[in-house]
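The structure is given below, and queries will be raised subsequently.
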Amino acid sequence: SMKTLNSLSGGATSSYMAANFPADYDVFALVCIDYEPARPRDAKLVQMVNDKLQKHSFNKSEFIATAEDVKTLQVIFDLEQMIGREIAWVRGESFDQLIKRKSAIPNLAKRFCTTELKIVPIRDYVIHTIGKPVFMRQGIRADEETRQKDGWSEIYLGSIDVIGKNGKPRKEKIGWAVAEYPMIRDRVFFPTIKEFRQSSGLVFPANSNCNHCFWKNPAELRQNAETNRAVIEWAQSMEAKMGKRWIDNVSFNQILAMGLQLEMSFGPSCQAGFCGDY
């Protein structure tokens with residue numbers, strides 16, 4: 001029978017899923033950036049992350065920094081202790097390498113970052129480590145059904161290299177995962193997650209997924225410059241380098257020049273189901 005895999009984001013919803021819906025595999029895909037000023041100050045934490053990636057990830061590049069909130073790193077380690085199952089850490093190429101390779105900055109019209117930096121590394125883990133298709137569970141609640149793609153059973157396709165009958169290598173399409181939404185199935189709603197967030201003892205970031213994400217509104221991005229300034233400056237540097245923007249009508253220069261609006265609260269902004277969750 002097919003194995004199950006929990007796709008974790010470091011947000012409260014997918015952490016609740018890990019705690020309440022045990023899977024055969026628990027995987028966290030980390031978005032990496034090659035930007036020294038954003039390197040977490042805790043050298044031991046950086047070493048722990050690198051050890052995890054060396055152990056589990058198909059991509060073994062060195063971890064320097066993440067575009068996600070640094071608190072996310074600690075949450076995943078603490079969650080592992082809480083659930084008593086190992087969480088595999090995986091990564092793809094760095095965001096810098098991805099932008100260079102595509103000669104583009106992702107935006108609402110070209111949302112290739114989730115695919116390349118979250119889904120591809122999980123796919124590689126499934127293909128190279130597990131070796132057979134899985135039911136991949138996503139942290140989407142019953143009140144978020146609009147985020148659920150293509151009904152219940154989206155099939156994730158990838159291609160593998162096989163040797164054909166003629167002895168020549170060729171690509172073969174395979175379905176490596178079938179999407180599963182246990183919290184939609186079991187009708188888990190926001191209040192349950194809110195209660196878990198308060199009682200779990202885990203310290204969640206104010207918003208999960210990338211600090212500079214184009215799903216976030218400018219006021220929220222300006223807020224993130226207070227807590228994770230280096231990531232916002234990295235996003236600004238990418239705009240300068242590429243002559244392109246993350247958000248059509250506002251540049252990160254303008255965002256950094258904005259005044260800070262106090263007392264703002266934000267829900268999850270990403271629609272993909274692999275990045276942020278509350």
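Is it the case that some residue within the stretch 163-183 is hydroxyl-bearing (S, T, Y) and open to solvent by 30 Å² or more (accessible area, probe 1.4 Å)?
Within the stretch 163-183, the first condition is being hydroxyl-bearing (S, T, Y), and the residues that meet it are 181.
If we keep only those that are open to solvent by 30 Å² or more (accessible area, probe 1.4 Å) as well, we get none.
No, the stretch 163-183 contains no residue that is hydroxyl-bearing (S, T, Y) and open to solvent by 30 Å² or more (accessible area, probe 1.4 Å).
To keep it simple, each residue is scored yes or no on (1) over 25 Å from S237 (Cβ atoms); (2) touching a Ser or Thr at 6+ places or on another chain (Cβ under 6 Å); (3) among the hydroxyl-bearing types (S, T, Y).
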| position | (1), (2), (3) |
| --- | --- |
| L5 | yes, no, no |
| N20 | yes, no, no |
| F58 | yes, no, no |
| I76 | yes, no, no |
| E86 | yes, no, no |
| V90 | yes, yes, no |
| E116 | no, no, no |
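Here are some residues: K132, K100. Which one is assigned to a loop (DSSP other than H, G, I, E, B) and open to solvent by 10 Å² or more (accessible area, probe 1.4 Å)?
Numbers: K100 fails: assigned to a loop (DSSP other than H, G, I, E, B).
After applying the criteria, what remains is K132.
I'm told S103 meets every condition in (1) on the phi > 0 side of the Ramachandran plot; (2) touching a strand residue (DSSP E or B) at 6+ places or on another chain (Cβ under 6 Å) except one. Can you identify the failing condition by its number?
Unmet for S103, out of (1) on the phi > 0 side of the Ramachandran plot; (2) touching a strand residue (DSSP E or B) at 6+ places or on another chain (Cβ under 6 Å): (2).
Within the stretch 136-151, is even one residue open to solvent by 30 Å² or more (accessible area, probe 1.4 Å), outside any helix (DSSP H, G or I) and modelled with pLDDT of 90 or more?
No, that holds for no residue.
Also, I was wondering about something else. Looking at R229, R187, R222 in this structure, which one is more than 24 Å from E144 (Cβ to Cβ), open to solvent by 20 Å² or more (accessible area, probe 1.4 Å) and in contact (Cβ under 8 Å) with a residue 12 or more places away in the chain? So that I can check it myself, show each step before the final result.
Numbers: R229 fails: in contact (Cβ under 8 Å) with a residue 12 or more places away in the chain; R187 fails: more than 24 Å from E144 (Cβ to Cβ).
None of the other options fit; the residue is R222.
For the stretch 167-225, give me the residue count where each residue is out of contact with any Phe, Trp or Tyr (no Cβ under 9 Å at 6 or more places or on another chain) and among the basic types (K, R).
Qualifying residue count, the stretch 167-225: 6.
Can you work out which of the residues in the stretch 248-268 that are part of a loop (DSSP other than H, G, I, E, B) and open to solvent by 90 Å² or more (accessible area, probe 1.4 Å) is modelled with the lowest pLDDT? Walk me through how you get there before you give the answer.
Our first condition is that a residue be part of a loop (DSSP other than H, G, I, E, B); within the stretch 248-268, this holds for 248-249, 251, 258-268.
Next, from what is left, pick out any that are open to solvent by 90 Å² or more (accessible area, probe 1.4 Å): 248-249, 261-263, 265.
Details: D248: 93, N249: 92, Q261: 73, L262: 60, E263: 53, S265: 56.
Within the stretch 248-268, the match that is modelled with the lowest pLDDT is E263.
Residue-by-condition table, conditions (1) touching a Leu at 6+ places or on another chain (Cβ under 6 Å); (2) of a type outside the set (S, T, N, Q); (3) without any contact (Cβ under 8 Å) to a residue 60 or more places away in the chain; (4) open to solvent by less than 30 Å² (accessible area, probe 1.4 Å):
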| residue | (1), (2), (3), (4) |
| --- | --- |
| Q54 | no, no, yes, no |
| A65 | no, yes, no, yes |
| K71 | no, yes, no, no |
| E86 | no, yes, no, no |
| W89 | yes, yes, no, yes |
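In the stretch 88-96, is there at least one residue being within 28 Å of E226 (Cβ to Cβ) and part of a helix (DSSP H, G or I)? Let's see the steps before the verdict.
If we filter the stretch 88-96 for residues that are within 28 Å of E226 (Cβ to Cβ), which is where we start, we get 89, 91, 94-96.
Within this subset, residues satisfying the condition of being part of a helix (DSSP H, G or I) are 95-96.
Looking for residues that are within 28 Å of E226 (Cβ to Cβ) and part of a helix (DSSP H, G or I), one finds at least one in the stretch 88-96, hence yes.
So, one more: Select from the stretch 190-215 the residues that are among the hydrophobic types (A, V, I, L, M, F, W, C) and buried (at least 17 other Cβ atoms within 10 Å of the Cβ) and write down the one among them that is nearest to D143 (Cα to Cα).
Quick first cut of the stretch 190-215, residues among the hydrophobic types (A, V, I, L, M, F, W, C) only: 190, 193, 196, 202-204, 206, 210, 213-215.
Remaining after also requiring buried (at least 17 other Cβ atoms within 10 Å of the Cβ): 193, 196, 202, 204, 210, 213-215.
Values: I193: 11, F196: 16, L202: 23, F204: 21, C210: 23, C213: 23, F214: 23, W215: 19 Å.
Per the stated criteria, the residue is I193.
Can I ask one more? Considering only residues of the stretch 32-84 that are among the basic types (K, R) and out of contact with any helix residue (DSSP H, G or I) (no Cβ under 7 Å at 6 or more places or on another chain), which is farthest from V126 (Cα to Cα)? If you could, list the steps in order and put the result at the bottom.
As a first pass, look at the stretch 32-84 and keep what is among the basic types (K, R): 39, 41, 44, 52, 55, 60, 71.
From the residues that got through so far, the ones that are out of contact with any helix residue (DSSP H, G or I) (no Cβ under 7 Å at 6 or more places or on another chain) too are 41, 44, 52, 55, 71.
Details: R41: 32, K44: 28, K52: 16, K55: 14, K71: 26 Å.
Once the filter is applied, the top-ranked residue is R41.
Any chance the stretch 74-84 includes a residue that's surrounded by fewer than 19 Cβ atoms within 10 Å (Cβ to Cβ), out of contact with any His (no Cβ under 7 Å at 6 or more places or on another chain) and of a type in the set (G, A, S)?
Yes, the stretch 74-84 has at least one match.
How many of the residues making up the stretch 41-68 are in a loop (DSSP other than H, G, I, E, B) and of a type in the set (D, E, K, R)?
So the count comes out to 4.
The values are calculated or read from the model by the stated rules, or taken from the named source; none is laboratory data. Being a predicted model, the structure only gives us computed values, none of them experimental. Note that each Cβ is placed from the backbone with ideal geometry, even for glycine, and that neighbours are counted across all protein chains shown. Side chains are part of the model used for accessible areas, which takes the heavy atoms of the whole protein and leaves out ligands, DNA and RNA. Shrake-Rupley method; radii C 1.70, N 1.55, O 1.52, S 1.80 Å.
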